[in-house]
1. With the requirement that a residue be in a loop (DSSP other than H, G, I, E, B), small (Gly, Ala, Ser) and under 19 Å from residue 17 (Cα atoms), what does the stretch 45-82 give you?
2. Given the structure, is residue 3 in contact (Cβ under 8 Å) with a residue 24 or more places away in the chain and either surrounded by 14 or more Cβ atoms within 10 Å (Cβ to Cβ) or within 9 Å of the chain's Cα centre (by Cα) (or both)?
3. Exactly one condition in (1) touching a helix residue (DSSP H, G or I) at 6+ places or on another chain (Cβ under 9 Å); (2) assigned to a strand (DSSP E or B) is false for residue 9; which is it?
4. Do you know which residues across the stretch 30-42 are over 12 Å from the mean Cα position of the chain (by Cα) and either touching a residue at least 60 places away in the same chain (Cβ under 8 Å) or loosely packed, with under 15 Cβ neighbours inside 10 Å (or both)?
5. Would you say residue 27 is of a type outside the set (Phe, Trp, Tyr), loosely packed, with under 12 Cβ neighbours inside 10 Å and touching a residue at least 24 places away in the same chain (Cβ under 8 Å)?
Amino acid sequence: MRISAVTLAHEYGAVPPPGLVDILWAQARPADGVEHIRVAVGRGRAVITYFLRAGDDRSAVAAARQVTDRAITQAPSLRGWRTV
């Protein structure tokens with residue numbers, strides 16, 4: 001199991017939407033290897049920690065970023081958020 005973190009930021013300091021973990025799970029695909037998602041939120045910021053089945057760290061980072069990018073693209077409640 002690998003651990004990878006992705007940080008989201010909002011330029012206007014918005015609070016992350018409720019159900020962020022559910023939004024991320026909705027975008028996770030079996031090939032991403034996501035086992036668990038933990039989110040720590042604050043004003044204008046969310047740190048997403050993914051626990052993944054991956055062969056190496058590079059694959060884990062790529063999968064975490066892909067899930068997060070899909071969520072930002074697909075979920076209207078994440079409009080204005082970006083990875084940092």
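1. 75, 80 - these are the residues of the stretch 45-82 that are in a loop (DSSP other than H, G, I, E, B), small (Gly, Ala, Ser) and under 19 Å from residue 17 (Cα atoms).
2. yes
3. (1)
4. Result: 30, 31, 35, 42.
5. Criteria not met by residue 27.
Residue-by-condition table, conditions (1) under 12 Å from the mean Cα position of the chain (by Cα); (2) surrounded by 12 or more Cβ atoms within 10 Å (Cβ to Cβ); (3) free of Cβ contacts under 8 Å to residues at least 12 places away in the same chain:
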residue	(1), (2), (3)
11	no, no, no
44	no, yes, no
48	yes, yes, no
62	yes, yes, yes
77	no, yes, no
84	yes, no, no
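Every read-out reported here was derived from the displayed coordinates using simple, explicitly stated rules and does not represent laboratory data. Computed from a predicted model, the values in this text were never measured in an experiment. When we count neighbours, we look across all protein chains shown, and the Cβ atoms used for this are built from the backbone with ideal geometry, even at glycine.
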